[in-house]
Amino acid sequence: MSYVHFPVIAVMSLFLGAFVCAIFGKNHDKLCKAVGVLDAAWVFALIALIVKPVVFDGEIISYWMGNWSPIKGWAIGIGYEIDALGAFFALIVVFTVLMSVIYSIRYMDRDDDIYNYYTLLLMMSGSVLGLVLTGDVFNMFIMIEIMTFTAVGLTCFRNRSFGALEAGFKYLVIGSMGSSMTLLGIALLYAQCHTLNMAQLASILVNNTTPTSVLALALMFTGLGVKAYIVPFHMPAADSYAVAPTSVSMVFSGMVNKAGVYAIIRLVYILFNTMDKGSMQVLLTAFGAVTMFVGVTMALAQHDFKRLLAFHSISQIGYVITAIGLGSALGVTAGLFHALNHTLFKGLLFLCAGAVLYATGTTNLDKLGGLSKKMPKTTICFLVGAFSIAGMPPFNGFASKWMVYQAAFEKAVEGGHIYFAFITVVAVVVSVMTLASFIKVTQAVFFGQCPIELQKTEEVPFSMRLPMWIMSALCLLVGVFYDFVNKWFLAPATNAVLNATNYIDKMMGNGYAAAAGVENIQVAPAAFSFWNPLTWLVLFVVVFAAVAIVILTGKKSRGAVLETAENVDGKYATFFGGEASPFSHVSGSDLFWGFKKDWKGYFSFMDNLHSGIVNDYALWVVVALAIVTVWFNVFMK
Amino acid sequence: MMTVNYVASAILVVMGLYTIINDKNLIKVVLGLGIVDYGVNLFIVSVGYNMGGTAPIFSISDIMANSVLFGNGGAFFVDPVPQALTLTSIVIGACVDAMALSLVVKLYQQYKTTNTDEIRRLRG
């Protein structure tokens with residue numbers, strides 16, 4: 001039974017590693033690197049050991065700090081509680097950290113003072129791990145705060161580079177607003193329930209929807225949404241992913257926003273048990289759909305490799321939020337599966353971007369090109385990642401995106417809601433745009449002509465390629481053996497999400513949940529199939545609808561006066577005028593200029609929203625809070 | 001009796017958010033963050049306060065006999081948990097302010113301004 005101690009030891013080990021780096025690491029770069037790798041590997045082993053009892057066998061570990069177990073049904077101490085959901089996310093976290101520290105060995109060797117880097121990275125990892133394993137809302141808040149401030153530090157780590165400080169400051173302001181809202185929500189919950197333990201809160205809140213708890217839900221949902229970077233809180237995320245060292249961007253995208261997603265799942269499914277309400281489903285799927293659409297369209301307009309990937313990361317989180325917002329077993333499974341896959345392929349893509357940055361010194365798409373001959377191995381890894389994110393079979397992105405479509409469509413058929421059919425169409429269209437965007441990146445970076453400055457580019461060292469190979473292999477394996485992953489990892493985690501009773505009973509004693517009146521939302525196992533003919537038919541209908549939308553949006557320009565070299569931007573003149581400007585050319589990074597031109601109104605609108613002024617971003621947070629509060633107050637009665 | 005505290009904390013939070021949204025000076029934005037924090041802290045500490053309550057030194061029989069937790073409705077001691085939370089939150093708030101101000105110093109060195117309208121290299 002010794003494995004009950006492993007989760008707490010894992011969290012402590014990461015913090016301890018951070019302190020060792022901070023105290024002894026100055027001028028000892030090798031020591032820091034060794035501590036980082038060994039610590040991450042040790043923690044990975046610890047979490048891997050609890051996977052069998054918790055995820056495979058369905059046991060729930062409860063751990064009271066200092067053995068302060070509940071007295072007379074009241075939780076007083078701080079408890080850690082690890083169910084299949086927490087262990088699933090913990091596995092994602094430790095895997096991401098391990099990949100990141102292996103990659104950092106060579107990637108960070110051109111920076112000064114890397115003991116600071118390792119201190120912050122290990123501390124952030126520890127906080128995210130603590131966040132997914134804890135069973136106490138205030139402990140969760142502390143972990144969120146540590147996560148936010150180490151993330152700010154890491155964003156600013158290369159503080160002489162372009163925009164790093166600016167991104168860090170914006171992240172700090174928005175992130176700290178989110179934390180304050182979460183704290184206010186927690187305080188309101190405490191005022192109503194007199195406890196901070198999640199299991200007990202869940203059992204008290206289930207039949208007690210008061211104005212206080214509704215306001216607390218709104219505040220916590222907004223605060224945690226900031227941590228998951230859903231639109232409209234995504235602007236600082238795009239900045240910080242782009243300017244942070246790439247090994248950190250990968251960690252941000254792989255686990256920091258997963259921590260937000262995890263917290264939202266915990267909040268809406270376990271703590272408030274509200275996902276059977278239609279209004280809640282509509283709100284979450286609306287946030288998800290907007291997030292994925294805004295993310296992908298902003299990505300199409302980017303000219304920086306890492307910033308583009310950052311917007312894709314936001315877009316993929318939209319899929320996850322949409323799927324978990326559906327409230328069905330299949331939806332939750334799809335959301336968790338996509339969260340896992342997002343960690344794999346987006347981490348891989350960020351590592352490839354880092355490899356390009358390491359080899360060439362730039363991530364500007366207009367300056368890159370033709371690297372496939374110079375860096376063939378990186379190119380292969382990048383293609384695997386690009387196929388995965390664009391949803392090509394047999395890679396993992398296909399399997400999870402298919403599940404998202406299927407879940408959304410089943411929801412639409414079940415309830416006869418046109419709204420969820422619309423969500424399905426948005427998801428498919430976004431996937432198409434993702435593919436388009438990755439065609440652009442692949443063309444701009446790896447194919448096409450190689451600029452003269454990049455002729456001496458060399459492949460990156462082995463220790464940087466190793467994590468890339470591991471993640472590529474996992475992208476393929478998870479895509480091929482999706483049934484295995486579903487049976488052993490996703491199904492237990494989905495069960496944990498939908499069955500709050502087990503979570504409460506383990507922590508507070510048997511029968512506690514039943515006494516409080518907590519019921520399971522549903523226990524139907526997630527059954528899904530990729531090759532059902534009916535679903536194919538549905539796919540065709542949906543694709544047809546998507547094509548129709550695209551055609552209809554282009555209707556305006558049909559029959560219009562043909563643009564000539566005189567009335568169009570000189571850059572594109574070769575397409576219309578011929579000789580007017582013989583030396584202009586459309587570069588790989590501008591492959592979809594026609595699309596951008598057609599949607600000029602939308603893009604300039606989005607450009608104004610992403611104004612770069614921190615006050616505007618803060619305003620969006622407050623506006624979103626107001627909308628969410630009003631929504632809950634109207635519909636949660 | 002505690003209403004005035006709740007109203008004051010709400011005013012502080014709103015004032016802080018208004019400062020963050022409205023003020024174009026980086027330092028004032030940081031001050032806004034601080035004011036939001038103080039509002040939240042005041043709220044938490046008010047939640048746990050009982051008028052006329054004593055220090056929270058008690059045995060389990062005392063708590064069983066008097067505490068609101070066990071349905072007896074008595075207000076015999078001040079809830080210590082929110083005070084612990086507030087202390088933690090104050091410490092975190094101080095760290096936020098320190099970190100944000102140090103970033104402002106660095107930003108001023110790079111951009112030669114503290115106006116948020118001019119610190120927008122990353123946009124679009």
Only one of A:Leu38, A:Leu91 that is part of a helix (DSSP H, G or I) and closer than 30 Å to A:Ala202 by Cα = A:Leu91
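Does B:Val68 satisfy the criteria of being touching a Gly at 6+ places or on another chain (Cβ under 6 Å), at pLDDT below 90 and over 25 Å from A:Tyr241 (Cβ atoms)? Steps first, please.
On the way: touching a Gly at 6+ places or on another chain (Cβ under 6 Å): no; at pLDDT below 90: yes; over 25 Å from A:Tyr241 (Cβ atoms): yes.
Criteria not met by B:Val68.
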Within region A:221-244, identify whether any single residue is farther than 21 Å from A:Leu625 by Cβ, more than 13 Å from chain B (Cβ to nearest Cβ) and either surrounded by fewer than 24 Cβ atoms within 10 Å (Cβ to Cβ) or under 16 Å from the mean Cα position of the chain (by Cα) (or both), and answer yes or no.
-> no
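Only one residue in A:Ala191, A:Ala199 is touching a helix residue (DSSP H, G or I) at 6+ places or on another chain (Cβ under 7 Å), in a helix (DSSP H, G or I) and touching a residue at least 40 places away in the same chain (Cβ under 8 Å), so which one is that?
Details: A:Ala191 fails: touching a residue at least 40 places away in the same chain (Cβ under 8 Å).
Being touching a helix residue (DSSP H, G or I) at 6+ places or on another chain (Cβ under 7 Å), in a helix (DSSP H, G or I) and touching a residue at least 40 places away in the same chain (Cβ under 8 Å) holds for just one of A:Ala191, A:Ala199, which is A:Ala199.
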Please enumerate the residues belonging to region B:85-97 that are loosely packed, with under 15 Cβ neighbours inside 10 Å and facing another protein chain (nearest Cβ under 9 Å).
-> B:Cys95
With respect to the numbered conditions (1) more than 11 Å from every other protein chain (Cβ to nearest Cβ); (2) buried (at least 24 other Cβ atoms within 10 Å of the Cβ); (3) at pLDDT 90 or above; (4) within 29 Å of A:Ala515 (Cβ to Cβ), which one is the sole condition not fulfilled by A:Ser203?
-> (3)
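Taking region A:610-626, which residues are facing chain B (nearest Cβ under 7 Å) and among the hydrophobic types (A, V, I, L, M, F, W, C)? Reasoning before the result, please.
Looking only at region A:610-626, we keep the residues that are facing chain B (nearest Cβ under 7 Å), and these are A:610-615, A:618-619, A:622.
Hits for region A:610-626 are A:Ile613, A:Val614, A:Ala618, A:Leu619, A:Val622.
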Within region A:260-314, count every residue that is among the hydrophobic types (A, V, I, L, M, F, W, C) and under 25 Å from A:Ser127 (Cα atoms).
-> 13
Quick one: is A:Thr212 within 13 Å of another protein chain (Cβ to nearest Cβ), touching a Ser or Thr at 6+ places or on another chain (Cβ under 9 Å) and under 19 Å from A:Met636 (Cα atoms)?
-> no
Of the numbered conditions (1) out of contact with any Ser or Thr (no Cβ under 9 Å at 6 or more places or on another chain); (2) of a type in the set (Gly, Ala, Ser); (3) more than 12 Å from chain B (Cβ to nearest Cβ), A:Gly126 fails exactly one; give the number of that condition.
-> (1)
Are any of the residues in region A:580-595 under 23 Å from B:Leu122 (Cβ atoms), at pLDDT below 85, charged (D, E, K, R) and surrounded by 15 or more Cβ atoms within 10 Å (Cβ to Cβ)?
-> yes
Write out, first by first residue and then by second, each pair whose Cβ atoms fall under 6 Å of each other, whose residues are 6+ apart or on separate chains, and whose first residue, in region B:103-124, is more than 9 Å from chain A (Cβ to nearest Cβ) while the second is not in a helix (DSSP H, G or I).
-> B:Tyr108/B:Thr114; B:Thr114/B:Asn25; B:Asn115/B:Lys24
Residue check, A:Leu300 surrounded by fewer than 22 Cβ atoms within 10 Å (Cβ to Cβ), in contact (Cβ under 8 Å) with a residue 24 or more places away in the chain and out of contact with any Leu (no Cβ under 9 Å at 6 or more places or on another chain) = no
Failed condition for B:Ile20, given (1) without any contact (Cβ under 8 Å) to a residue 60 or more places away in the chain; (2) crowded, with 18+ Cβ neighbours inside 10 Å; (3) closer than 22 Å to A:Leu188 by Cα | (3)
Which of the residues that make up region A:41-88 are in a helix (DSSP H, G or I) and among the polar types (S, T, N, Q)?
-> A:Asn67
Taking region A:590-609 and keeping residues touching a Phe, Trp or Tyr at 6+ places or on another chain (Cβ under 9 Å) and either aliphatic (A, V, I, L, M) or within 14 Å of another protein chain (Cβ to nearest Cβ) (or both) leaves A:Lys596, A:Leu609
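Which of the residues belonging to region A:129-140 are within 19 Å of the chain's Cα centre (by Cα) and at the interface with chain B (Cβ under 10 Å from one of its Cβ atoms)?
First, pick out the residues of region A:129-140 that are within 19 Å of the chain's Cα centre (by Cα): A:129-133, A:140.
Matches in region A:129-140: none.
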If we scan region A:369-384, do we find a residue that is of a type in the set (A, V, I, L, M, F, W, C) and touching a Gly at 6+ places or on another chain (Cβ under 9 Å)?
-> no
Meets criteria (assigned to a loop (DSSP other than H, G, I, E, B) and either on the phi > 0 side of the Ramachandran plot or at pLDDT 90 or above (or both)) for B:Gly32 | no
Filtering region A:205-220 down to residues that are closer than 18 Å to A:Val630 by Cα and not in a helix (DSSP H, G or I) yields A:Thr209, A:Thr210
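The values are calculated or read from the model by the stated rules, or taken from the named source; none is laboratory data. Bear in mind that the values here come from a model prediction, so they are computed numbers and not experimental data. Positions of Cβ are backbone-derived with ideal geometry, glycine not excepted, and every protein chain shown enters the neighbour counts.
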